[in-house]
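The values are calculated or read from the model by the stated rules, or taken from the named source; none is laboratory data. Here the structure is a predicted model, which means the values were calculated and not measured. Glycine gets a Cβ as well: all are built from the backbone with ideal geometry, and neighbour counts include every protein chain shown.
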Amino acid sequence: MGLSAGALAQPLRRALPEVPVQEKERLAAQVVQCRIRGIRARKDVERQRQEEMVFLGMQRKPKTDKELENDNPIQEMNDTNEHRKQL
């Protein structure tokens, strides 16, 4: 019972076999692929959630490119001011 944590860790370090470089690269690639799959899955779920919110009417549809081009509040303000001057 008098063994320290450091004394217990020493035999474990020696017992682990040396991993070849190819195996390390394969394991690293596996980790990266797993992370990327998780990121893509979360993005897909978020997209589906947004589509569902629009379908249920709990959120507005995103504006199309044409709507964004026509959505210029400064131009609308200037047009309104010009119209008011003419009255």
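Observations on the model:
- The single residue among E76, E69, E82 that is at pLDDT below 95, at negative phi, surrounded by 10 or more Cβ atoms within 10 Å (Cβ to Cβ) and in a helix (DSSP H, G or I) turns out to be E76.
- Scope region 28-60; condition of a type outside the set (G, A, S), part of a loop (DSSP other than H, G, I, E, B) and loosely packed, with under 10 Cβ neighbours inside 10 Å; matching residues: M58, R60
- Test: residue in region 7-17 that is modelled with pLDDT of 85 or more and surrounded by fewer than 10 Cβ atoms within 10 Å (Cβ to Cβ): no
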